[in-house]
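The values are calculated or read from the model by the stated rules, or taken from the named source; none is laboratory data. Here the structure is a predicted model, which means the values were calculated and not measured. As a convention, Cβ positions derive from the backbone with ideal geometry for all residues, glycine included, and neighbour counts pool all protein chains shown.
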Amino acid sequence: MALDYSNPHMSPFREFQRMKHHPHFAEILTGGNRISYGARVLNEGGFQGIPRLTMPGAALIGCSPGFLNVMKVKGVHNAIRTGRIAAETIFSELMSNPNITSEDGNV
């Protein structure tokens, strides 16, 4: 369910609960066991939907920025890559500028 639905009174959670009782889905779900709970908001806005990735003292890495191939519903490799790039960049900056300290508020 996209988050751009027009009815402000609709509850996505309630709609999914109703869906589970529909005869088609109820038949599929009967006898199943829940193994975990989980929810994730998927960024479907394309390139323009990606938030600003850096700000003073912080960076969005991993799954937080929403790097996702919506067509394939894959993005773990992108999350891992952003973490690696961030770590390499931070390490390189710390090695090239030994005057940076946490007291400066720049780390």
Within the stretch 14-47, residues being modelled with pLDDT under 85, surrounded by 10 or more Cβ atoms within 10 Å (Cβ to Cβ) and over 17 Å from Asp4 (Cα atoms) number 0
For the stretch 78-102, which residues satisfy the criterion of being at pLDDT below 85 and closer than 26 Å to Gly46 by Cα? Asn78, Ala79
Members of the stretch 68-81 that are without any contact (Cβ under 8 Å) to a residue 24 or more places away in the chain and either surrounded by 13 or more Cβ atoms within 10 Å (Cβ to Cβ) or not in a loop (DSSP other than H, G, I, E, B) (or both): Asn69, Lys74, Gly75, Val76, His77, Asn78, Ala79, Ile80, Arg81
Checked pairs for the stretch 32-50, first part of a loop (DSSP other than H, G, I, E, B) and among the β-branched types (Val, Ile, Thr), second surrounded by 10 or more Cβ atoms within 10 Å (Cβ to Cβ) and modelled with pLDDT of 70 or more, C-beta under 8 Å and 6 or more apart or across chains, list as Val41/Gly66; Ile50/Pro65; Ile50/Gly66; Ile50/Phe67
What number of residues within the stretch 82-102 satisfy the criterion of being touching a Leu at 6+ places or on another chain (Cβ under 9 Å) and surrounded by fewer than 10 Cβ atoms within 10 Å (Cβ to Cβ)? 0
Of these, Gly105, Gly75, Gly62, Gly66, which one is farther than 23 Å from Phe47 by Cα and at pLDDT below 85? Gly105
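Looking at this structure, is Gly62 assigned to a loop (DSSP other than H, G, I, E, B), surrounded by 10 or more Cβ atoms within 10 Å (Cβ to Cβ) and at positive phi?
Here the answer is yes, as Gly62 does meet what is asked.
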